[in-house]
Amino acid sequence: MTYDGIILGSGHNSLVLQAYLGRAGLKVLCLERRHIAGGGLSTEEDPRHPGFLHNTHSFFHRALNRMPWYRDLELEKRGAVYLEPELNVALILRSGEALEWWTDFEKTANSFGRFSPKDEATLRRWRSDFLPIVEHILVPESRSPPIPPERRTHLLRNSAEGRLLLEVSALSPLEFVQREFEHPLVQAALLFFNGLREVDLRCRGFGHHVAALLASPGKAQMCLGGSAALAHALVSAVAGSGGEIQTQKIPRRILVEHGKAIGVETSDGAIYHARHFVASGLNPQQTFLELIDEDQLPQDWREKARQFKYNLMAPLFALCVNLRDRPRYKAALNNPELDKAFMVIVGLEDIAQFPEIVRHHEEGTIPPTVMWGATPTQFDPSQAPPGRHTAFMWEKLPYRLQGDPRNWDTEKDLHGQAMLDLWTQYAPNLDDSVLDWFTRSALDTERTFPNMHEGDLLVGAFANGQIGYNRPFPGAGHYRGHIQNLYLCGACCHPGGNITGLAGYNCAQVLLNDLGVRANWAPPPAEEFLGKL
């Protein structure tokens, strides 16, 4: 069986890549080890309770319907319809007060002002200063193959916006927040939001993430029907472009001949040939250490793959519940708007909690709970039987509990009960509303999605220089994998994990350019738009 190209793994980045290549006239096969395509875009029916749907891995999507590939592939017409609730996030305190993020910036600023007028003014200033940086630099950079960091720095220094970005980027998120904001709750909230992006708050080079978040027009969204609806829409786009997806196919080896990737062998002995390329949506260890024969790759590349680091703080622990009635928070008695909140955060009161959370992750112990989640059925009743609800809470917890991830198999339900008890303190009606619940640990994530090593949903830390042109590591940061005709298209590439589709979008630009195929949809290269600043 011969194809123009073969893609390993059917995560959303791979599907975006495959759809664009098919639209360019290429015959492309995607091989997926699981029984279903879409990777973390998973919406599962509770087998014990028919009709109760749970988004077990991915739920909050940021500005997804503003992505270029969402428009180009006509995904809304294919069933991926997004909501962006107005009260986007509410951080509820034990006192009943709440810090609120709205799609309406004025409402957000007013909420900050109730805690600190000075912080409200700071919020307004940084949003104003970073709006052009987000629009003209950061968003376009995320949608283009990266350029070498020295060249990027040289170009950024030619404009006031670029110089401000470099200045703020030199800080860590922690340093930026402590320098610019005064109220400990405001500081904690901004760092928590930064943590949702999985960047270590102590790591210098990422201070701009907080300012960019303040200026970003896109807020948290959800897909009607569940996150799997986006996967289904992408699969439809692939099929519409002539692509083929084969599930339950475990890759055994990338075939290399005369220094070129020429195909893939699967665990069942099947061999698939590729005329032009093999693209991997897997992590670097899987691609370079497990699937390529040792004599086909230089030792320095194998060592770089071996040294690729994963996020300490990325693993998620999930508590998923089936409900008679949605959570009704005590705080809404004095602030009825909270009944409309989309993402709800509880357990976070002060910036002083962060060092303890980090310490617990480093020691493999469970910190005092800070958790966030939503009730999808409040906005989309189709995800539960009539009159019923599903809801969830997530928490960042260490992968190696007491030094061994297998300890989660015996401890996860105990911790799930503790989370439910805490949740009930904020929403007392849960005492009578919970029909059933289950948990998912970081070890469960890794078992389901082996590319998310150590439960790292970002598939690689942003520390140790693993960013931009050097992500996943120096030499592989332009979506090419040393061996001719071998490409990388997964979250281990720029701009990283979360549901953005941009690694696949950018890889499509590189791959089609290498094949000499014109991509009329491609944006200007980074060198060009940064040169015009």
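The values are calculated or read from the model by the stated rules, or taken from the named source; none is laboratory data. None of these values were measured; they are calculated from a predicted model. Cβ atoms come from the backbone with ideal geometry, glycine included; neighbour counts cover every protein chain shown. Areas reflect the complete protein model, heavy atoms only, side chains present, ligands, DNA and RNA absent. Shrake-Rupley method; radii C 1.70, N 1.55, O 1.52, S 1.80 Å.
Hey, any hits in the stretch 296-310 for a residue that's of a type in the set (A, V, I, L, M, F, W, C) and touching a strand residue (DSSP E or B) at 6+ places or on another chain (Cβ under 8 Å)?
Residues of the stretch 296-310 that are of a type in the set (A, V, I, L, M, F, W, C), as a first pass: 297, 301, 305, 308.
With touching a strand residue (DSSP E or B) at 6+ places or on another chain (Cβ under 8 Å) added as a condition, the list becomes none.
Within the stretch 296-310, none of the residues are of a type in the set (A, V, I, L, M, F, W, C) and touching a strand residue (DSSP E or B) at 6+ places or on another chain (Cβ under 8 Å).
Can you name every residue in the stretch 300-320 that is of a type in the set (Phe, Trp, Tyr) and assigned to a loop (DSSP other than H, G, I, E, B)?
Correct list: Phe308, Tyr310.
Six or more apart or on different chains, Cβ under 6 Å: which pairs go from a residue in the stretch 35-46 that's more than 17 Å from Gly281 (Cα to Cα) and open to solvent by 10 Å² or more (accessible area, probe 1.4 Å) to one that's among the small types (Gly, Ala, Ser) and in a loop (DSSP other than H, G, I, E, B)? Could you list them?
Matching pairs, first to second residue: Thr43/Gly226; Thr43/Ser227.
Just give me the residues in the stretch 56-85 being at positive phi and either free of Cβ contacts under 8 Å to residues at least 24 places away in the same chain or open to solvent by 50 Å² or more (accessible area, probe 1.4 Å) (or both), in sequence order.
The answer is Glu74, and nothing else.
For the stretch 132-174, name all the residues that are buried (at least 16 other Cβ atoms within 10 Å of the Cβ), modelled with pLDDT of 95 or more and either touching a Pro at 6+ places or on another chain (Cβ under 9 Å) or assigned to a loop (DSSP other than H, G, I, E, B) (or both).
Val134, Pro140, Glu141, Ser142, Arg143, Ser144, Pro145, Pro146, Ile147, Arg152, Ser159, Glu161, listed by residue number.
Those residues that are of a type in the set (D, E, K, R) and either crowded, with 16+ Cβ neighbours inside 10 Å or in a helix (DSSP H, G or I) (or both), I need them from the stretch 350-366; list them, please.
Those that are of a type in the set (D, E, K, R) and either crowded, with 16+ Cβ neighbours inside 10 Å or in a helix (DSSP H, G or I) (or both): Glu356, Arg359, Glu362, Glu363.
Check every one of the helices (runs of 4 or more DSSP H) wholly within the stretch 383-466 and list those with 2 or more residues that are touching a residue at least 40 places away in the same chain (Cβ under 8 Å) and either of a type in the set (A, V, I, L, M) or under 19 Å from Pro315 (Cα atoms) (or both).
On the way: elements: 408-426, 430-433, 442-448.
Ranges flagged: 408-426, 442-448.
Residue check: is Asp421 exposed (fewer than 15 other Cβ atoms within 10 Å of the Cβ) and in contact with a helix residue (DSSP H, G or I) (Cβ under 7 Å, 6 or more places away or on another chain)?
No; evaluated as a whole, the condition is false for this residue.
I'm trying to understand the selection: among the residues of the stretch 192-224, which are small (Gly, Ala, Ser) and either at pLDDT below 80 or closer than 14 Å to Phe60 by Cα (or both)?
Gly195, Gly218, Ala220
For the stretch 367-411: of the residues being of a type in the set (Lys, Arg) and either buried (at least 22 other Cβ atoms within 10 Å of the Cβ) or under 23 Å from the mean Cα position of the chain (by Cα) (or both), which is nearest to Asp325 (Cα to Cα)? Show your work before the answer.
So the first thing to find is which residues in the stretch 367-411 are of a type in the set (Lys, Arg), and the list is 388, 396, 400, 406.
Filter again for either buried (at least 22 other Cβ atoms within 10 Å of the Cβ) or under 23 Å from the mean Cα position of the chain (by Cα) (or both), leaving 396, 400.
Numbers: Lys396: 26, Arg400: 35 Å.
Within the stretch 367-411, the match that is nearest to Asp325 (Cα to Cα) is Lys396.
Please state which one of Gly243, Gly207, Gly218 is buried (at least 19 other Cβ atoms within 10 Å of the Cβ) and in contact with a strand residue (DSSP E or B) (Cβ under 7 Å, 6 or more places away or on another chain).
Gly243
Given the condition under 30 Å from Glu182 (Cα atoms), in contact with a Gly (Cβ under 9 Å, 6 or more places away or on another chain), hydrophobic (A, V, I, L, M, F, W, C) and open to solvent by 20 Å² or more (accessible area, probe 1.4 Å), answer yes or no: does some residue in the stretch 333-348 qualify?
Looking through the stretch 333-348, at least one residue is under 30 Å from Glu182 (Cα atoms), in contact with a Gly (Cβ under 9 Å, 6 or more places away or on another chain), hydrophobic (A, V, I, L, M, F, W, C) and open to solvent by 20 Å² or more (accessible area, probe 1.4 Å).
Looking at the stretch 257-290, which of its residues are in contact (Cβ under 8 Å) with a residue 60 or more places away in the chain, open to solvent by less than 60 Å² (accessible area, probe 1.4 Å) and part of a strand (DSSP E or B)?
If the condition is that a residue be in contact (Cβ under 8 Å) with a residue 60 or more places away in the chain, open to solvent by less than 60 Å² (accessible area, probe 1.4 Å) and part of a strand (DSSP E or B), then Ala261, Ile262, Gly263, Val264, Thr266, Tyr272, Ala274, Phe277, Val278, Ala279, Ser280 are the ones that fit.
Would you mind telling me which numbered condition in (1) touching a residue at least 60 places away in the same chain (Cβ under 8 Å); (2) assigned to a loop (DSSP other than H, G, I, E, B) Leu512 fails?
All conditions are met except number (2).
Considering only residues that are open to solvent by 10 Å² or more (accessible area, probe 1.4 Å) and in contact with a Pro (Cβ under 9 Å, 6 or more places away or on another chain), which ones fall in the stretch 484-509?
Hits for the stretch 484-509 are His494, Pro495, Gln509.
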